[in-house]
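Input: a single structure, listed below in structure tokens.
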Ligand SMILES: Cc1cc2nc3c(=O)[nH]c(=O)nc-3n(C[C@H](O)[C@H](O)[C@H](O)COP(=O)(O)OP(=O)(O)OC[C@H]3O[C@@H](n4cnc5c(N)ncnc54)[C@H](O)[C@@H]3O)c2cc1C
């Protein structure tokens, strides 16, 4: 791989960096839940510039830009620690563009494009996380409506979002992945309740209970029992922006600054570990570019993305961990950045697919080991 961004792409990067100057103090890459009004304002400002629809086709109001633009945008937003990418303009909108009816495109895409409408992902359940084919939340068709009952958990940002992109069982339990459908559910609808689940880093995930929630049948996106393909394609679309590598470089730089403040930066043992980590940070960037390169060549990037996710999330942990190894009690101080990095990095290896599942995927699909999935 010999990867270079074009002059236009680099010019776009410069515009993004300049734009982000106004959001340097936002610091919502971690703990977005505490800062949602400002994050929403950031997304609206991005929407005004067409940056929430960079990769959408022009026919549906998008900018029709190559995939590298989204990569650059979210890498710089991650570097600025401003926010994580909104799930609405990526996962949800791209699924609607591919599988939605014309009426659904007209209704849902414009507010998503301008940053007004936001979604949480309702996939996982207490007994269905890695194995989503065993989802139990049920949607029953009754005339022009579906009635939904079930329990979802670990929904990021659901406390602030407008809608849930909900994975439900519409076929038999035995039909596994072939009996699932996707719905848009208003989080304010009757029968929906959202409850916060505190996380180790002081943020929150949520559980969502749905008790006989009635939604119009035209809020099912894609065919009944056809969710599996839609989800796989949406995820593939988003792989290059979910784990921006500059976030890791920023973790490393902040950790080095902190060690310097503690007067530890001249210790040879510290310097040896830092030089190893510096190389790993470069490797993270390489893994991320391999995902982008695969997608640009029209491949799925599934194996590259899984390798990237495992490596990046584990390097985040190693960076944060080294502050504990060298910094002693100061690194345990609540509120210190290195402390937040450590507690936050613990869940990075779970959300978006666990390290075991990612390794298994690389083994089977990348290395051809252990039979079919
Ligand atoms: C920060 C964070 C944000 C999240 N955001 C969302 C969200 O917005 N929406 C949403 O729907 N979900 C979300 N999740 C849920 C997340 O997708 C699941 O936690 C994850 O897929 C793991 O599922 P689980 O927790 O049920 O663990 P399990 O699947 O029960 O796994 C438990 C352990 O067993 C291992 N394991 C399971 N199966 C296998 C196997 N076949 N081979 C080897 N090892 C295996 C796992 O690796 C893990 O170590 C989030 C989770 C976190 C931590």
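Averaging the Cα positions of each part gives two centres, and for the range 27-69 and the range 75-138 these lie 13 Å apart. Judged by the gyration tensor of its Cα atoms, with axes a ≥ b ≥ c, the range 53-146 is oblate; a/c meets the 1.5 cut and b/c is at least as large as a/b. Calculate how steeply helix 245-261 sits against the longest principal axis of the alpha-carbon atoms of the chain, using the helix alpha-carbon long axis, and give the answer as 0 to 90 degrees to the nearest 10. Tilt of helix 245-261: around 40 degrees. Rounded, prolate or oblate: which one fits the range 186-233, using the alpha carbon gyration tensor with axes a ≥ b ≥ c (rounded when a/c is under 1.5, else prolate when a/b beats b/c, else oblate)? Oblate. Based on Cα contacts under 8 Å between residues 6+ apart, the chain shows a relative contact order of 14 percent. To the nearest 10 degrees, how steeply does helix 36-48 sit against the main Cα axis of the chain, on a 0 to 90 scale? Value to nearest ten degrees: 80. Once a ≥ b ≥ c are taken as the square roots of the eigenvalues of the Cα gyration tensor of the chain, is the result rounded (a/c under 1.5), prolate (a/b larger than b/c) or oblate (a/b not larger than b/c)? Here the chain falls in the prolate category. Per-residue ellipticity at 222 nm, computed for the chain from helices alone with -39500 (n - 2.57) per DSSP H run of at least four residues, works out to -14500 deg cm²/dmol. Relative to the first principal axis of the alpha-carbon coordinates of the chain, what is the inclination of helix 67-79, with its axis defined by its Cα atoms, in degrees from 0 to 90 and to the nearest 10? Roughly 60 degrees between the two axes.
Over all pairs of different C-alpha atoms, the range 266-364 has a mean inverse distance whose reciprocal, the Kirkwood radius, equals 14.8 Å. For the range 119-225, the share of alpha carbon pairs falling in successive 10 Å distance bins from zero is 16, 50, 28, 5, 0 percent. In terms of surrounding Cβ atoms within a 10 Å radius of their Cβ, 260, 138 rank from fewest to most as 260, 138. Taking 7 Å steps out from each Cα toward its Cβ at residue 324 and residue 363 produces label points 2.6 nm apart. Among 279, 39, 302, 248, the order by Cβ neighbours within 10 angstrom, fewest to most, reads 279, 302, 39, 248.
FRET efficiency for the residue 144 to residue 229 pair, using the beta carbon distance and R₀ = 30 Å, is estimated at 0.75.
Would you please state which residues of the range 112-131 a label at residue 159 would reach in this model, taking the label point 7 Å out along Cα→Cβ and a backbone N cut-off of under 20 Å? Residues 118-126 qualify, since their backbone N sits under 20 Å from the label point. In terms of surrounding Cβ atoms within a 10 Å radius of their Cβ, 247, 364, 290 rank from fewest to most as 364, 290, 247.
Each label point is 7 Å from the Cα along the Cα-to-Cβ direction; what then is the distance between the points at residue 211 and residue 189, in nm? Once both label points are built, they end up 1.6 nm from each other.
Using a cutoff of 8 angstrom between alpha carbon atoms and counting only pairs six or more residues apart, the relative contact order for the range 162-214 works out to 29 percent. Our summary gives the range 104-246 a relative contact order of 24 percent, counting only alpha carbon pairs under 8 angstrom and 6 or more residues apart.
No lab work stands behind these numbers, since they all come straight from the coordinates. Being a predicted model, the structure only gives us computed values, none of them experimental. In this analysis, Cβ positions are derived from the backbone assuming ideal geometry, glycine residues included, and neighbour counts consider all displayed protein chains.
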